[in-house]
Structures are given as structure tokens and as C-alpha cells.
Amino acid sequence: MTTKNPLKQLESFGQSIWLDYIRRDLISSGELARLIEEDGLRGMTSNPAIFEKAIVDSDDYDSEISAMVKDGQDATAIYEALSQEDVRSAADVFRPLYDSSKGGDGYVSLEVNPHLAHDTEGTVAEARRLWAALDRPNVFIKVPATRNGLAAIRQIISDGINVNVTLIFGVPRYREVVEAFIAGLEDRAAQGKPIDHIASVASFFISRIDALVDPMLEKHIAAGGPQGDEAKKAHGEVAISSGKVAFALYKDIFGSDRFKKLAEQGAQTQRLLWASTSTKNPAFKDVKYVEALIGPHTVNTAPMETIEAYRDHGEPADRLEAGLDAAQEVMGGLPQLDIDIDAVTQQLEDEGVDKFNTPFDKLMDALADQAT
């Protein structure tokens, strides 16, 4: 690979590319190390659906599962052992990058039990337990940005635990996530504890927004008239517009006097991480949601197919801050198109929790079958 690799070029625009995938053979084969070296991969994310696919659809884990079954381990213990081992191993591969970037990159995420999405106290307890079990400075504990998750995020940050806040779909909720993060830092600083080592990202889910909103817009387009014309302008643009508006908010909040007081104590900003960046609509370019959101102080986590597509034909350029006025116009015009974006994002959050619960339960059932 040469420096012309579009993936490696993303770093020159201030964006880190992470892989939204984990599997044991990716680590053990040396493929992860190759991706770091040749493609400039700078981190990794996982979720219950990814682990379900990795464990159920491969034989990488069979011998270890068999050994734990013979040892009398139940499904939960088996899942935790497998997932934690993968995250620790991947974190160790990323550790040199974490060190050389002074904690800027090189992170691997592990999510709390998805059934805790609406349980504040349960999430806090689980995050503390997982953080201690992983015992690596370059891991994130993933916590959903539900209403109950916000209080948990504040507490976990104040505990000094790195947090990847997941399932963010709307700008108002993103604002609340940042508030929880900053308040957590302030709580910790007020206790006289260091805050210079705490890392966090806010995972804003992108393409799922268009997947839900575009069919609503298409009805207006089919009907024609002035609303149809406005719907055409918004079609395929609501997700990216949401991201652009969120980034403008990021700049405002982290440029504020309030955060500067924390920065003087070494606090890092909570970077925006673009998640769900694979293209769901085949009519759109397969790297649409990578191209449009390239900008400073951000992360894009993408599945392997999207990373391979971007390596092949990505065209890196700093686009995130361009067209903010147009993005705000798109978002501001949604009510006139009978689209309640807050209702849309709440639906997506609810569906997102279910999309993690379902594969998690499927995996637990599969492991329980092997344990009986």
C-alpha cells in the first residue's frame, strides 16, 4: 500500500477510521495488525450483534466453549469470557498506537448487557465490573444513550471509566450526552481526582436515519407540488444534515469557557463517532456516509465491506463543515413535510435497543444449548 490509500489519507483531515467488527481469527491471524499498518486503522468497535455473528457463525470458539461447558460454566459466563478475551487481545494489538497517540486512538469497545439499556444502576454496576475485568486503559465501555443511560454515563465518567456512548440518533439527545460527559468530568474534578486520562466518544448513528425518513419523503415526492419539491431536497440528506448540525454543536460546547476549565486540567473532548455508516439504500453510493462526514476531531467506525469499498474508491476531502446552512435548512424544513424528527429518532433508539437484545438473546440461547 502507498500513502495514496484513501483510508490512510483520512488521518490528514483529522478523522480516525475504526473497524465495526471483531472476531478472534482477525486478531490471531495478524490481519488486524495488517489493517493498522497498511490501512491506518485506529480503533475497533463491537456490539452484541457482532459477537453473535462471530461466535455462532464460526468455529473459532468451539474448543474454548467445549472446555468451559465441561467446566460447568453457564451461557453468560461463556459469553463474557469469550467477548472479554477478544477485546483484551485486540486492545493489546492497538496498544502501541494508543501509546504513540497519547491516548488519542487505539481503543476497542465492549458493550454492557443490552438488556440494561433502561436500567441506570444496573448499567453503572456492569460498566464498573467490565472495566475492572478488561484491565486495559485503551478500552471503552459502551453504554446506550437512552434516557436512563444518561445518568449512568455521568456516573461512569466520574468513576474515571472510558465510555463509548452508543445509539445516538438525534441532535437534542446528543446535547444531553455531552452534558452528561462534561458533568461527569466536573464531578470527578470536584473530588480532586485526575481527569486527563478519561476518553469518550459519542456514537451518532447515521444511515438508519435516512432508511426511516426517506420513505416518508418519497410519498411527498410522488404526490408532487411544493411539498414534493422540498422533499426532493431532503431525500437522502437528513442523516448527513443531522451529523453536520451535531458537529457544529460539538464545536460550540467544547469551545466554551465551561469546558476550557476542564481542558486546563487535561480533559479531552468527547469526539463524535459516526456509526451506521454503511449504505442501506442501493441507489446511493456505497461510501456516501463516509465521504460526507470527513472532518477534524471525528471518528468513523465502519464494517469491513465499507472499509474495503473506501480503500478502493474513496475520495477523501474535508466536507464535514461545508454546507452547514443547507443542513440546518433541511432539518428545519422537516415539520412542513409532516416529519417529526424527534419521534423518528426515538423510534430508532427503541429499535436500536431491540436490534442488540435480539442477537444477544440468540447467542445466549445457542450457548445455553451447548451447555446442556
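The values are calculated or read from the model by the stated rules, or taken from the named source; none is laboratory data. Since the structure is predicted, the reported quantities are computational estimates derived from the model, not experimental observations. Cβ coordinates were reconstructed from backbone atoms using ideal geometry, including for glycine residues, and neighbour counts include every protein chain displayed. Calculation scope for accessible area: heavy atoms of the full protein, side chains included, ligands and nucleic acids excluded. Shrake-Rupley method; radii C 1.70, N 1.55, O 1.52, S 1.80 Å.
List of remarks:
- Residue match in the stretch 166-173 (condition: of a type in the set (Val, Ile, Thr), modelled with pLDDT of 95 or more, in a helix (DSSP H, G or I) and surrounded by fewer than 24 Cβ atoms within 10 Å (Cβ to Cβ)): yes
- Just one of the listed residues (ALA125, ALA151, ALA117, ALA132) is modelled with pLDDT of 95 or more and open to solvent by less than 30 Å² (accessible area, probe 1.4 Å), namely ALA117.
- Neighbours by Cβ (under 8 Å, 6+ apart or cross-chain): first from the stretch 345-366, on the phi < 0 side of the Ramachandran plot and of a type in the set (Lys, Arg); second part of a helix (DSSP H, G or I) and open to solvent by 30 Å² or more (accessible area, probe 1.4 Å): LYS355/ALA49; LYS362/VAL56
- Within the stretch 186-212, being over 21 Å from THR146 (Cβ atoms), open to solvent by less than 10 Å² (accessible area, probe 1.4 Å), among the aliphatic types (A, V, I, L, M) and in a helix (DSSP H, G or I) holds for no residue.
- Count - residues of the stretch 36-65 that are outside any loop (DSSP other than H, G, I, E, B) and touching a residue at least 40 places away in the same chain (Cβ under 8 Å): 13
- The test for being β-branched (Val, Ile, Thr), closer than 28 Å to ASP340 by Cβ and buried (at least 21 other Cβ atoms within 10 Å of the Cβ) does not hold for VAL299.
- One residue from LYS8, LYS102 being surrounded by 18 or more Cβ atoms within 10 Å (Cβ to Cβ), of a type in the set (D, E, K, R) and farther than 17 Å from LEU130 by Cα: LYS8
- Matching option when the condition is over 22 Å from the mean Cα position of the chain (by Cα), surrounded by fewer than 17 Cβ atoms within 10 Å (Cβ to Cβ) and modelled with pLDDT of 95 or more, among GLN370, GLN346, GLN336: GLN336
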